[in-house]
There are 2 protein chains.
Amino acid sequence: MNPVELILKKRNGYVLTTDEINFFINSYLSGAITEYQMSAFLMAVYFQGMLPDEITALTDCYIRSGKRIEFPEGVITADKHSTGGVGDKISLMLAPIAAACGLTVPMISGRGLGHTGGTLDKLEAIPGFQTSYSMEQFRDLTLKHGVCLVGQSEQLVPADKRIYALRDVTATVESPGLITASIMSKKIAEGARHLVIDLKVGSGAFMPTLSRAKELAELLIRTGHAFGQQVTVVFTNMNAPLGTHIGNALEVIEAIEYLKGNFLPDTQEITEALTAEMLLSAGLAKDYEEAVQHVRKVIADGSALQKFREIIIAQGGDAAVCDDYSRFAPAKYELPILANQDGYLQSIDSRSIGYALIGVKAGRMQVSDSLDYGSGAILYPKVGDQFTSGQPIGTLFCNDQAAGEKAIERILSAFHLSPDPVPKEELILGRMTLADLQ
Amino acid sequence: MNPVELILKKRNGYVLTTDEINFFINSYLSGAITEYQMSAFLMAVYFQGMLPDEITALTDCYIRSGKRIEFPEGVITADKHSTGGVGDKISLMLAPIAAACGLTVPMISGRGLGHTGGTLDKLEAIPGFQTSYSMEQFRDLTLKHGVCLVGQSEQLVPADKRIYALRDVTATVESPGLITASIMSKKIAEGARHLVIDLKVGSGAFMPTLSRAKELAELLIRTGHAFGQQVTVVFTNMNAPLGTHIGNALEVIEAIEYLKGNFLPDTQEITEALTAEMLLSAGLAKDYEEAVQHVRKVIADGSALQKFREIIIAQGGDAAVCDDYSRFAPAKYELPILANQDGYLQSIDSRSIGYALIGVKAGRMQVSDSLDYGSGAILYPKVGDQFTSGQPIGTLFCNDQAAGEKAIERILSAFHLSPDPVPKEELILGRMTLADLQ
């Protein structure tokens, strides 16, 4: 087989065979196919797409490039994946809740880049918390505590790690086939038998429209099914940041508050929906209502918070943060954020808010940038809220006052007001499982 | 400017500004943009195309990456470019004819690769003939002898040299915008004020249909015009090899025979048409008829052949080949090619013939392959000819008998016969100049 002919075949819109995909990916990994041939291939895939069989072959190649964790029969493994957002700390609540409900949660997460945060960075805001483990250690910790939250080891899907890095610098990220293989290979290799995917929809989100999101969902579900994994996709409207806290330590604090029973409407709706879907998929509840009751119970009886403490201790962290938030990295300045217009909040450009907070090092522009765990913002406004100029709408936490003031300016310009009342938005737009495709 | 954002902009179908194109190309040449970003960009251009202004900016970037030859005012420079074919030795006749007619012909040619031959390889079949000169030497030789036939120096459009090599291995050759910048940058930098382009049309040719060819022609003409070059495109039907001789020394012999007045109908029609267009464009004839008479006159009076001898001597070659073909590299074996079917010749897969002759080293598969100048084939059949099984239809020249017999088999399978009579094909399908676009 000739690399140029395979690029040409995909460029001209033909379907590649499993052998051809194996050859292309494996030759790339061995160095026989160059970076520039791979990037041309990826761009051809961006334009011509991939059929489900091609995506399954690619996913299989990805998985076989590394190790795959197998959990013992009888251990019910489940995980959640989110397509990324601003202020999305759902994993921090969901993982201990699901484990407290009896699921085993092998959760491999990523770091933040650009406007989106990353679960790993948030966890590392807890002093001492370790996220780097071998796949054997990860498996052992997961089995022992029912949950473990780590980063992607070098042994897990190295093919995706290399190819994703290339996609990131060649404008070939936004391809449903490539996205599917990238997400599913990791979630299959980590050993989760049930997977709930939070697929964010809306302008500025991962998928701009619900119909595009449904196409991707179908690929995700079918690919999981090909590997024996049961996938549930929940479509969520995430035009606005989730909850009120954005920033690494701030988001852990909000998650701890949640586990203590101090719910906010939007985080509650999303957390309960995603966790309930995990329980339903795994057969730990007979219906959605029962699943939600189960979720609420482990919060009310303290077992979810206790599970969170257990994770922190097991992964080397300081569990006392749960009772004493001053143990987190400090922010020297707390600057009030005041509304600068009158009106009704029509939309929030959460991408802009994410980028604004990079200015106070709550996020990073490049992988090598360092983070200031203590910085970030608390923002109360939700779509539909009424604004009065001068009214306090949040607080900016930072260690550099000038950078903080600049960030406030950018945050304020991300709130788009209307003179007329604006209806509240639906948060959950639908769900999809294999049953919906048959 | 950010390379990824520029790739994204083109990928999403937007038009790049001149500054953006300059930045992208110059950053690539300086090493700030990687090969893999360039190849992703090229694939995005393949799918989204480029507008005339973008192509002009790209062409300008290409030209400015090297030196540009300026000929003195009053010197009427003209050249021909062909999009490549099997057995296309027109340049070998056209260059001395045009020079004998009073034009100055600074001709920069390429080598053969895959099924197509290259003018440089053919010239180097003449013992001693040199094709590697600096741009200054090339300019001086052209001014002194009215014509010079060389390869692309390192100083001429190095950007295209690098980017073409990348396109070749990333399946991004067939893009009208990239093709236009590649052809025109070289032909403008070499200093030709008039350019005739032989644009081959047909299945297996450079452009599959006349309408696609016309789109490319328009880009070529407009780009030339932006740099003060007058371009004439002649659309030719080249589904079959041109003339009868294919192979390096064999094609030089056919060209010498032509310059001695021994014409074949197809080479005569194409050579006269292309050379006449050069004279017309340059104002050296008042109409097409007069231009053709001029071309025939310099053959009849021997001045075109004399010009060819002068070129050979000026470039270090053995001009005695013109009178003694045994001075060319020999072919040990001359194997008869016999028709193996009855019928009428409906089509010739000239690409297969080109590939068949790579087997006897008349062409090369890779740039590093060596050539056997003496090998090749003489093939008499033209579309419409009647075949009788066992009838001699040509001769295979080779130095390896087994390889020669294999080549004959492949050549025979490239002739597609019909039981019914087949009409002859038109060779010239039309022409286009700037006047046709206004």
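The values are calculated or read from the model by the stated rules, or taken from the named source; none is laboratory data. As the structure is a computational prediction, the values presented were derived from the model and not from experiment. We place every Cβ from the backbone using ideal geometry, glycine too, and count neighbours over all the protein chains shown. Protein only, heavy atoms only, side chains kept; ligands, DNA and RNA dropped before computing areas. Shrake-Rupley method; radii C 1.70, N 1.55, O 1.52, S 1.80 Å.
At-a-glance table
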{"item": "Residue in region B:236-248 that is over 30 Å from residue B:384 (Cα atoms), touching a strand residue (DSSP E or B) at 6+ places or on another chain (Cβ under 7 Å) and in contact (Cβ under 8 Å) with a residue 24 or more places away in the chain present", "result": "no"}
{"item": "Of all residues making up region A:403-422, the number that are open to solvent by less than 70 Å² (accessible area, probe 1.4 Å) and of a type outside the set (Val, Ile, Thr)", "result": "8"}
{"item": "Qualifying positions in region A:190-207 - under 17 Å from residue A:229 (Cα atoms) and over 17 Å from the mean Cα position of the chain (by Cα)", "result": "A:191, A:193"}
{"item": "Condition check for residue B:333: open to solvent by 50 Å² or more (accessible area, probe 1.4 Å), out of contact with any strand residue (DSSP E or B) (no Cβ under 9 Å at 6 or more places or on another chain) and outside the structural domain of residue B:131 (by TED's automatic domain parsing)", "result": "no"}
{"item": "Near pairs, Cβ below 9 angstrom, 6+ apart or cross-chain, from region A:210-225 (in contact (Cβ under 8 Å) with a residue 24 or more places away in the chain) to any residue that is open to solvent by 30 Å² or more (accessible area, probe 1.4 Å) and of a type in the set (Val, Ile, Thr)", "result": "A:222/A:56; A:223/A:56"}
{"item": "Selection status of residue B:22, of a type outside the set (D, E, K, R) and away from chain A (no Cβ under 12 Å)", "result": "yes"}
{"item": "Top-ranked residue of region B:128-182 - restricted to ones that are among the β-branched types (Val, Ile, Thr) and under 28 Å from residue A:44 (Cα atoms), ranked as surrounded by the fewest Cβ atoms within 10 Å (Cβ to Cβ)", "result": "B:173"}
{"item": "Residues of region A:368-424 that turn out to be on the phi < 0 side of the Ramachandran plot, assigned to a loop (DSSP other than H, G, I, E, B) and more than 26 Å from the chain's Cα centre (by Cα), as a count", "result": "11"}
{"item": "Subset of region B:154-173 (residues that are assigned to a helix (DSSP H, G or I), within 14 Å of chain A (Cβ to nearest Cβ) and either over 20 Å from the mean Cα position of the chain (by Cα) or not acidic (Asp, Glu) (or both))", "result": "B:162, B:163, B:164, B:165, B:166, B:167"}
{"item": "Filter pass, residue A:99 being in contact with a Lys or Arg (Cβ under 7 Å, 6 or more places away or on another chain), in a helix (DSSP H, G or I) and not assigned by TED's automatic domain parsing to the domain that holds residue A:225", "result": "no"}
{"item": "Selection from region B:362-390 of residues that are of a type in the set (A, V, I, L, M) and either more than 19 Å from residue B:338 (Cβ to Cβ) or touching a Leu at 6+ places or on another chain (Cβ under 8 Å) (or both)", "result": "B:362, B:365, B:367, B:371, B:377, B:378, B:383"}
{"item": "Top-ranked residue of region A:27-40 - restricted to ones that are open to solvent by 10 Å² or more (accessible area, probe 1.4 Å) and within 11 Å of chain B (Cβ to nearest Cβ), ranked as farthest from residue B:38 (Cα to Cα)", "result": "A:34"}
{"item": "Within region B:183-202, tally of residues that are in contact with a Gly (Cβ under 8 Å, 6 or more places away or on another chain), at pLDDT 95 or above and surrounded by 22 or more Cβ atoms within 10 Å (Cβ to Cβ)", "result": "5"}
{"item": "Scan of region B:41-73 for residues that are in contact (Cβ under 8 Å) with a residue 60 or more places away in the chain and within 14 Å of chain A (Cβ to nearest Cβ), ordered by number", "result": "B:42, B:43, B:45, B:46, B:49"}
{"item": "Qualifying residue in region A:112-125 (condition: out of contact with any Cys (no Cβ under 6 Å at 6 or more places or on another chain), within 23 Å of residue A:180 (Cβ to Cβ) and in a helix (DSSP H, G or I))", "result": "yes"}
{"item": "Any hit, region A:45-55, residues being of a type outside the set (Ser, Thr, Tyr), closer than 15 Å to residue A:159 by Cα and open to solvent by less than 60 Å² (accessible area, probe 1.4 Å)", "result": "yes"}
{"item": "Residues located in region B:382-402, provided they are surrounded by 16 or more Cβ atoms within 10 Å (Cβ to Cβ) and either over 20 Å from residue B:239 (Cα atoms) or of a type in the set (Ser, Thr, Tyr) (or both)", "result": "B:395, B:396, B:397, B:398, B:399, B:400"}
{"item": "Checking residue B:313 against (1) in contact (Cβ under 8 Å) with a residue 12 or more places away in the chain; (2) closer than 25 Å to residue B:140 by Cα, the condition it does not meet", "result": "(1)"}
{"item": "Residue among A:354, A:317 that alone is within 27 Å of residue A:261 (Cβ to Cβ), surrounded by 15 or more Cβ atoms within 10 Å (Cβ to Cβ) and touching a Gly at 6+ places or on another chain (Cβ under 7 Å)", "result": "A:317"}
{"item": "Boolean, residue B:12 is within 14 Å of chain A (Cβ to nearest Cβ), open to solvent by 60 Å² or more (accessible area, probe 1.4 Å) and at pLDDT below 95", "result": "no"}
{"item": "Subset of region B:428-437 [open to solvent by 30 Å² or more (accessible area, probe 1.4 Å) and either aliphatic (A, V, I, L, M) or part of a loop (DSSP other than H, G, I, E, B) (or both)]", "result": "B:428, B:429, B:434, B:435, B:437"}
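Residues checked against (1) out of contact with any Ser or Thr (no Cβ under 7 Å at 6 or more places or on another chain); (2) of a type in the set (Asp, Glu):
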{"site": "A:174", "(1), (2)": "yes, yes"}
{"site": "A:177", "(1), (2)": "yes, no"}
{"site": "A:184", "(1), (2)": "no, no"}
{"site": "A:200", "(1), (2)": "no, no"}
{"site": "A:217", "(1), (2)": "yes, no"}
{"site": "A:239", "(1), (2)": "no, no"}
